[in-house]
Amino acid sequence: MELLTISKAAKMLGAHPNSLRNWEKRGLIKPVRLPGGQRRYSMDELNRVLSSGQLSGEPEAAVLYARVSTKKLADASNLERQIERMRQYARGKGYIIRAEFTDVASGLNQKRRGLANVLKLAEQGEYKKLLIAYPDRLARFGYSYIERHLKYCGVEVIAIAEEELDDTQTELVRDLLSIVTSFSARLYGARGGKRVRQGLRELIAGVEQDEKTAKENKEAAD
């Protein structure tokens, strides 16, 4: 009897190996255990699973992820608005919402707890769809690498919104401030870095004022 490794069985079923582990816990698939504890899958068992329709008939699981750069935006219910839009999208598509994660942090921050949980569940094969409002909510830079890793885990990233957030330009300037400050401090020392930082802070203030004025003008025109 031919027995397949978990990676080959997963490929045959079009799933991630972690999905097979989860299906085993739920009694949907039964592997053969070798003396060393390794899982092996018979062709008969794989064909039974494929023909049963148990897996294809299940609603796809989704995880929702939202991020804002500052506590001020979080307090203004920006996070909740992102999450609610994604909930509506998930319901419309018939997805099961497995979890919801949020972060209040820069898109440059690689140590976000919410993002770490998103990746952890993906690596465990817990869901198939990751819903975000916009690509930069997931990461300011390096988005393609995160997307590639999630795809390897069997997860599709879906950005649901057509328009970007009102604070996108300001947040981008803040991220640039962080980058320039870091490099200027290395090149010119702490004093030089402080001058550059002050100049960019003034730029941020100008951008925020321009956005506020534009919003007021738009509201007045409406």
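The values are calculated or read from the model by the stated rules, or taken from the named source; none is laboratory data. Remember, predicted model here, so these are calculated numbers, not experimental data. Please note: Cβ atoms are built from the backbone with ideal geometry, for glycine as well, and neighbour counts cover all protein chains shown.
Results for (1) at pLDDT 60 or above; (2) of a type in the set (S, T, N, Q); (3) not assigned by TED's automatic domain parsing to the domain that holds TYR65, shown as yes or no for each residue.
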| site | (1), (2), (3) |
| --- | --- |
| LYS129 | yes, no, no |
| GLY142 | yes, no, no |
| TYR145 | yes, no, no |
| CYS153 | yes, no, no |
| VAL173 | no, no, yes |
| SER178 | no, yes, yes |
| PHE183 | no, no, yes |
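A residue that is on the phi > 0 side of the Ramachandran plot and surrounded by fewer than 17 Cβ atoms within 10 Å (Cβ to Cβ) can be found somewhere in the range 41-61.
Within the range 1-26, if we keep just the residues that are more than 29 Å from the chain's Cα centre (by Cα) and of a type outside the set (A, V, I, L, M, F, W, C), the residue that is surrounded by the fewest Cβ atoms within 10 Å (Cβ to Cβ) turns out to be GLU2. Could you grab me the full set of residues in the range 74-107 that are surrounded by 16 or more Cβ atoms within 10 Å (Cβ to Cβ), among the polar types (S, T, N, Q) and modelled with pLDDT of 90 or more? Residues satisfying the conditions are GLN82, THR102. Just one of the numbered conditions (1) surrounded by fewer than 20 Cβ atoms within 10 Å (Cβ to Cβ); (2) touching a helix residue (DSSP H, G or I) at 6+ places or on another chain (Cβ under 8 Å); (3) over 14 Å from HIS149 (Cα atoms) is not true of GLN110: (2).
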